[in-house]
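Each value in this text was obtained by applying a stated rule to the coordinates, not by laboratory testing. The model shown is predicted, which means the values in this text are computed figures rather than measured ones. Here Cβ is always computed from backbone atoms with ideal geometry, including for glycine, and neighbour counts include all displayed protein chains.
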Amino acid sequence: MDIGALVVLAVIVVVVLVALTSAVRIINEYERGVLFRLGRLMDLKGPGLRLIIPFGIDRLVKMDLRTVTLEVPPQEVISHDNVTIKVNAVIYFMVVDPNHAVTKVANFINATSQIAQTTLRSVLGQSSLDELLANREKINSTLQRIIDEQTEPWGIKVSTVEIKDVELPQTMQRAMAKQAEAEREKRAKIIHAEGEFAAAQQLTDAATVIAQQPSALQLRYLQTLTEIGVERNTVIVFPMPMDMLRGLLEVAGGAQPPAKAPLAAARR
């Protein structure tokens, strides 16, 4: 065999190897292959070993069917009550129709990101700051529904949209801190007033019971003396009859003693 025949044989072998390499495609379990033949959409290939016609006749585009996590860049939004805030979010979506994801949109990830950014600014611009902080779940559901409706023609299913962080201006943070502090002081005063009212009610009930049984007042005097005597102090408390005080005051100047002065105190 001459050298020319060997060269031709080598070229044929190389061409066959290149053709086989170009014709063999392996599709993973989480992927699907969209097949184009001479530019025409032909079929959807499942996972496994697939053979296509090489040399540009067939073109196989692999589409990942796993859930994609897309982080929306921080967006400056003016809320409905004219508060400037910076919000970022995260979107979870997946390809449910590979044919549409290839033929209906050039770059479905970038397109979904742009739709998410515009929708985020639009929805939050219609909500007040209090609604954003208190009803975040409701806003997340609204965002998910709107973005899913807009990406459905592309074969994209948006499963979840979550607002990650809401950055407030420093002046607004200070104002909210003052508001929270005032709210806590208000609740503390209300609780204190309720305690005072309950104590006054109990004292009124106790006074009613003592008025019905005058001897209970004397027992209360003795109990008070017992409690004072337990502590180590320099004060001596002893009861003094009202008649004696009244007589002494009349002799001194005719002044009337107080209606009730059950205890007198002297310091050693």
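For this structure, a couple of remarks:
- Put a dot 7 Å past the Cα of TYR221, heading toward its Cβ, do the same for VAL13, and the two dots end up 12.8 nm apart.
- Based on C-alpha pairs under 8 angstrom that are at least 6 apart in sequence, segment 19-64 has a relative contact order of 46 percent.
- Net charge contributed by nearby residues that have their C-beta within less than 14 Å of LYS178 (K/R +1, D/E -1): 0
- Lysine pair count for the chain (Cα-Cα distance under 29 Å; residues 8 or more apart in sequence or on different chains): 16.
- Charge context of LEU60, other residues only, Cβ under 13 angstrom, K/R +1, D/E -1: +4
- Using C-alpha pairs below 8 Å separated by at least 6 residues, the relative contact order for the chain is 12 percent.
- Global form of segment 1-58, assessed from the alpha-carbon gyration tensor, a/c cut-off 1.5: oblate
- For TYR92, TYR30, order by how many other beta-carbon atoms lie within 10 Å, fewest first: TYR30, TYR92
- Overall form of the chain per C-alpha gyration tensor (a/c, 1.5; a/b vs b/c): prolate
- The order of SER113, SER127, going from fewest to most other C-beta atoms within 10 Å of their C-beta, is SER113, SER127.
- Mean Kyte hydropathy of -0.5 or more with a Cα span along the axis of at least 24 Å, helices from DSSP in the chain: 3-23, 108-125
- Unit charges at the beta carbon, dipole of the chain: most positive-side option, PRO47, VAL90, PRO169: PRO47
- Evaluated with a Cβ-only charge set (Lys, Arg +1; Asp, Glu -1), the chain carries a dipole of roughly 240 debye about its Cα centre, given to the nearest 20.
- 19 Å cut-off, amide nitrogen to a point 7 angstrom out along GLU196 Cα→Cβ, residues in segment 147-184: 183-184
- Among ILE210, ILE139, ILE27, a tally of other beta-carbon atoms within 10 Å of each Cβ gives an order, fewest to most, of ILE210, ILE27, ILE139.
- Scattering profile of segment 68-173 at q = 0.11, 0.14, 0.18, 0.21 Å⁻¹ [log10 I(q)/I(0), Debye over alpha-carbon scatterers]: -0.34, -0.53, -0.80, -1.02
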